[in-house]
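Structure first, commentary second.
The values are calculated or read from the model by the stated rules, or taken from the named source; none is laboratory data. For clarity, every value in this text was computed on a predicted model and none was experimentally measured. Here Cβ is always computed from backbone atoms with ideal geometry, including for glycine, and neighbour counts include all displayed protein chains.
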Amino acid sequence: MGTVNPRRWWALGVLAAAQFMVIMDTSIIGVALPQMQEDLGFSQGGLQWVFNAYVIAFGGLLLLGGRLSDLLGARRVFAAGWVVLTAGSVVAAAAGSATVEIVGRAVQGAGGALIAPASMTLLMMLFGHDPRELGTALALYGAAAPAGGTAGVFLGGVFTQWASWPWIFIIYVPIGLATLAATGLLPAVGRRRGAIDVLGAAAVTAGLALAVFAVVRAPETGWGSTQTLLELSGAAVLLALFLAVQKSSKAPLMPLSIWRTPGLGISNAAMALLGAAWIPMWYFLNLYLQQVLGYGAFASGAALLPMTALLMVFMTTLTGRLLGRFGAKPLIASGLLVLAAGLVWLSAVEPTGTFLVDVLPASLVAATGMSLAYIPALMSAMAAAPPEQAGLASGIVNTTYQVGSALGLAALTAVAASQGADRLGDLPALTDGFSAAFLAAAAIAAAGALLTVLLMKGARAAAAASPAESAGQKERLSAPLEVR
């Protein structure tokens with residue numbers, strides 16, 4: 001593995017901070033959405049693009065980011081990602097219209113797609129020499145994600161309530177500059193020769209964006225309208241082009257042969273359905289708190305803190321132990337069922353509801369389900385792949401989660417709108433719409449649990465239980481990360 005880096009723990013701090021900020025970028029906007037809607041003129045249905053523009057760019061470009069990291073050097077790509085993320089933050093903060101805001105969020109997502117795979121590659125370079133240190137480093141790095149989610153909810157409320165919503169983006173400018181200044185702590189890697197599948201990356205990102213756009217617009221234009229059918233057909237053509245490029249390319253972003261790996265498909269299906277249920281819940285719960293219960297931005301952020309704090313504690317202390325004892329399959333299935341139960345509970349919200357009765361207990365149940373399912377689904381997808389494709393499997397499952405989140409939010413926004421969630425100021429109609437979205441999300445989570453029970457192989461899923469404890473798994477984690 002070469003010489004041990006004496007500054008590796010300081011470098012881990014930089015990488016964990018990057019993970020913290022990338023995840024915070026998806027949660028910090030939640031409580032600011034109503035203010036952004038009022039100031040920038042978003043429609044109730046179009047508001048979701050503040051979130052979807054980020055996750056589509058992030059998920060669609062994640063595989064390309066991993067490939068660039070492999071070819072150009074992880075430290076260079078990590079630094080470039082922060083330059084892009086910071087630039088997108090400036091655009092998003094200065095936006096005077098909905099269109100410019102969406103562009104800024106997409107640029108932020110592109111930056112995140114460079115940072116995330118480069119961070120994992122650098123972590124493996126720093127700690128791949130020692131399985132014990134690697135396990136500690138992965139735990140600390142992993143803990144940065146729920147910590148970022150928690151901080152985002154709180155800081156989003158603070159900035160929106162006592163400053164203004166642009167500050168949720170301005171905060172990234174000094175942090176980005178400080179991170180760039182600290183990249184000298186990270187190991188440098190030389191460039192490598194190889195092709196970059198730009199056409200594949202463009203096709204998959206454009207196809208996903210067009211599919212989400214079609215679903216978002218369908219309630220207005222009609223599901224059977226010529227416009228909707230053309231948009232969905234265009235998305236299908238672009239995604240088919242992506243598959244064709246992957247099949248013919250000498251250096252594809254996603255070699256299609258990996259899908260012959262037993263268990264990989266169902267693990268990714270579970271991850272997609274988890275994202276499709278969880279992210280809409282988080283989105284509509286923010287809107288219910290502010291648009292129905294009348295909470296301010298800070299109060300709304302504070303109301304979501306118990307849920308995000310529970311996620312952080314469970315993921316960092318409990319889930320790993322349960323995973324080692326029971327394996328992935330039982331945790332994924334039970335976690336999705338618990339999430340579904342929490343969502344069904346949330347669907348009983350009332351226009352005259354209260355936080356303690358209508359929100360807190362149900363959100364804690366849902367968060368418990370998420371904390372049980374997420375890490376096992378992630379590790380199951382990675383464990384299903386052979387060692388030489390572990391990096392690729394990681395990239396696919398992260399992309400799957402982001403894509404599932406975006407498509408789920410688009411579909412459930414259409415469901416909510418059809419039941420009255422587009423009637424701002426009409427509290428019963430808004431509540432009916434949000435309730436319908438929660439119930440539909442519960443159905444998605446339950447479907448994920450059923451598929452897991454029926455199709456996931458227990459032995460293969462259980463292999464993900466202890467990701468850094470055996471020499472074999474050490475080799476898997478330290479395999480070259482062409483993509484993530």
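I need every pair where a residue in the range 394-409 that is over 14 Å from Ala276 (Cβ atoms) has its Cβ under 6 Å from the Cβ of a residue that is not in a helix (DSSP H, G or I), sequence separation at least 6 or different chains.
Taking only residues 6 or more apart or on different chains, the pairs are Ser394/Arg484; Gly395/Val483; Gly395/Arg484.
State which residue is surrounded by the most Cβ atoms within 10 Å (Cβ to Cβ) when the search covers only the range 211-238 and only residues that are within 30 Å of Ala251 (Cβ to Cβ) and of a type in the set (Gly, Ala, Ser).
Ala211
Determine which member of the set Ala95, Ala74, Ala57 is over 19 Å from the mean Cα position of the chain (by Cα) and closer than 30 Å to Met124 by Cβ.
Ala74
State yes or no: is Ile56 within 22 Å of Ala411 (Cα to Cα) and not hydroxyl-bearing (Ser, Thr, Tyr)?
yes
What number of residues within the range 247-293 are in contact with a helix residue (DSSP H, G or I) (Cβ under 9 Å, 6 or more places away or on another chain), surrounded by fewer than 20 Cβ atoms within 10 Å (Cβ to Cβ) and part of a loop (DSSP other than H, G, I, E, B)?
Qualifying residue count, the range 247-293: 5.
Kindly state which helices (runs of 4 or more DSSP H) lie completely within the range 359-476 and contain at least 1 residues that are buried (at least 18 other Cβ atoms within 10 Å of the Cβ), at pLDDT 95 or above and not charged (D, E, K, R).
Output list reads 360-384, 427-455.
Leu230 is checked against (1) more than 30 Å from Leu72 (Cα to Cα); (2) modelled with pLDDT under 85; (3) hydrophobic (A, V, I, L, M, F, W, C) and fails just one. What number does that condition carry?
Among (1) more than 30 Å from Leu72 (Cα to Cα); (2) modelled with pLDDT under 85; (3) hydrophobic (A, V, I, L, M, F, W, C), the lone unmet condition for Leu230 is (2).
Check Val338 against each of (1) without any contact (Cβ under 8 Å) to a residue 60 or more places away in the chain; (2) of a type outside the set (S, T, N, Q); (3) part of a loop (DSSP other than H, G, I, E, B) and name the one condition it does not meet.
Evaluating Val338 over (1) without any contact (Cβ under 8 Å) to a residue 60 or more places away in the chain; (2) of a type outside the set (S, T, N, Q); (3) part of a loop (DSSP other than H, G, I, E, B) leaves (3) as the failure.
State all residues of the range 215-233 that are over 25 Å from the mean Cα position of the chain (by Cα) and in a helix (DSSP H, G or I); if no residue qualifies, say none.
Within the range 215-233, Pro219, Glu220, Thr221, Thr226, Gln227, Thr228, Leu229, Leu230, Ser233 meet the criteria.
Of these, Ala74, Ala79, which one is surrounded by fewer than 24 Cβ atoms within 10 Å (Cβ to Cβ) and in the same structural domain as Asn268 (by TED's automatic domain parsing)?
Ala79
I'd like to check something: does the range 104-121 contain any residue that is among the basic types (Lys, Arg) and either touching a Lys or Arg at 6+ places or on another chain (Cβ under 9 Å) or surrounded by 24 or more Cβ atoms within 10 Å (Cβ to Cβ) (or both)?
Scanning the range 104-121 turns up at least one residue that is among the basic types (Lys, Arg) and either touching a Lys or Arg at 6+ places or on another chain (Cβ under 9 Å) or surrounded by 24 or more Cβ atoms within 10 Å (Cβ to Cβ) (or both).
Condition first: over 27 Å from Gly194 (Cβ atoms), in a helix (DSSP H, G or I) and of a type in the set (A, V, I, L, M, F, W, C). Now tell me which residues in the range 71-120 satisfy that.
Once the filter is applied, which keeps residues that are over 27 Å from Gly194 (Cβ atoms), in a helix (DSSP H, G or I) and of a type in the set (A, V, I, L, M, F, W, C), the range 71-120 yields Val90, Val91, Ala92, Ala93, Ala94, Ala98, Val100, Ile102, Val103.
Looking at the range 244-265, which of its residues are within 29 Å of Val216 (Cα to Cα) and either under 23 Å from the mean Cα position of the chain (by Cα) or basic (Lys, Arg) (or both)?
Across the range 244-265, the qualifying residues are Leu253, Met254, Gly265.
Look at Ala341 and say whether it is under 18 Å from the mean Cα position of the chain (by Cα), modelled with pLDDT of 90 or more, surrounded by fewer than 21 Cβ atoms within 10 Å (Cβ to Cβ) and more than 27 Å from Gln37 (Cα to Cα).
no
Anything in the range 174-210 that is surrounded by fewer than 18 Cβ atoms within 10 Å (Cβ to Cβ) and under 22 Å from the mean Cα position of the chain (by Cα)? List them, or say none.
Selection gives Ala202 alone.
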